[in-house]
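Read through the structure below, which is laid out as structure tokens, and then see the notes.
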Amino acid sequence: MRLLIVEKDPVMRLTVTTLARDIGFTAHAADGRSLAADLLRNAAFDLVLMDMDQPWPDGVSAMHTLRSGGPNKRTLVIGATSCADPERLEVMRNSGLDSLVAKPYDLNELLEEMVRLLDDGPGRKLPGSKKRLWADAGLAVQDEALFSSSEELVIVLEGESGGESGA
């Protein structure tokens, strides 16, 4: 599965890109809209994670451009924002996003939302089982109801094990 991460923060961009690659996605990252626009014009993606708080063009404008045509017109898009203004959030939700998540990212919630969107579509196949995605990413299983009974449950323990803290 091909994932495009459009994120202005270099640490978060690297974190999410590494997580996505570790669990089997072919992940591409862009730090600005111009590079993202070039990638979206020239290659098809299964999912886009878009920082809606980027400067010009803003996320809403970028969504209108994305949804107007091209190989990613129907690509799933998760918008990410640190905005708390209810009116602005409503504008973002109505811009053509498939989902909107809060920043800073909670990696468990982000992965859960990626799985939910990708697993809902006909003909979509995740790079691994949902349970293995969490374990491979080193994240904790948050909601066992997300998994069918036919899949092996992988429980990931949170926190450090066997390490000593030193001063």
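Computed from the coordinates by the stated procedures, all read-outs in this text should not be read as laboratory data. In this text, all values refer to a predicted model and were calculated from it rather than measured experimentally. Cβ sites come from the backbone with ideal geometry, for glycine too, and all protein chains shown count toward neighbours.
Please give the contour-minus-distance gain from Asp106 to Asp38: 0.36 nm per residue of separation, less the Cα-Cα distance, rounded to one decimal in nm. Write down the numbers at each step before the final one.
On the way: separation 68, 0.36 × 68 = 24.48 nm, distance 2.83 nm.
Full-extension gain reported as 21.7 nm.
How high is the relative contact order of the stretch 60-108? Use alpha-carbon pairs under 8 Å, at least six apart in sequence, and give a whole percent.
Numbers: 43 pairs, mean separation 20.9, N = 49.
Rounded, it is 43 percent for the stretch 60-108.
So for Leu14, Leu97, Leu39, fewest C-beta neighbours within 10 Å to most, what's the order?
Fewest-to-most Cβ neighbours within 10 Å comes out as Leu14, Leu39, Leu97.
Quick one: length gained pulling Glu90 to Asp9 fully straight, 0.36 nm per residue minus the C-alpha distance? Numbers along the way, then the final one.
Numbers: separation 81, 0.36 × 81 = 29.16 nm, distance 2.35 nm.
Taking Glu90 through Asp9 to full extension adds about 26.8 nm, to one decimal.
Convex hull volume of the Cα atoms in the stretch 2-127, per residue, in Å³? Please list the in-between numbers first.
Numbers: hull volume 12.3 nm³, N = 126.
Residue-normalised Cα hull volume stands at 97 Å³.
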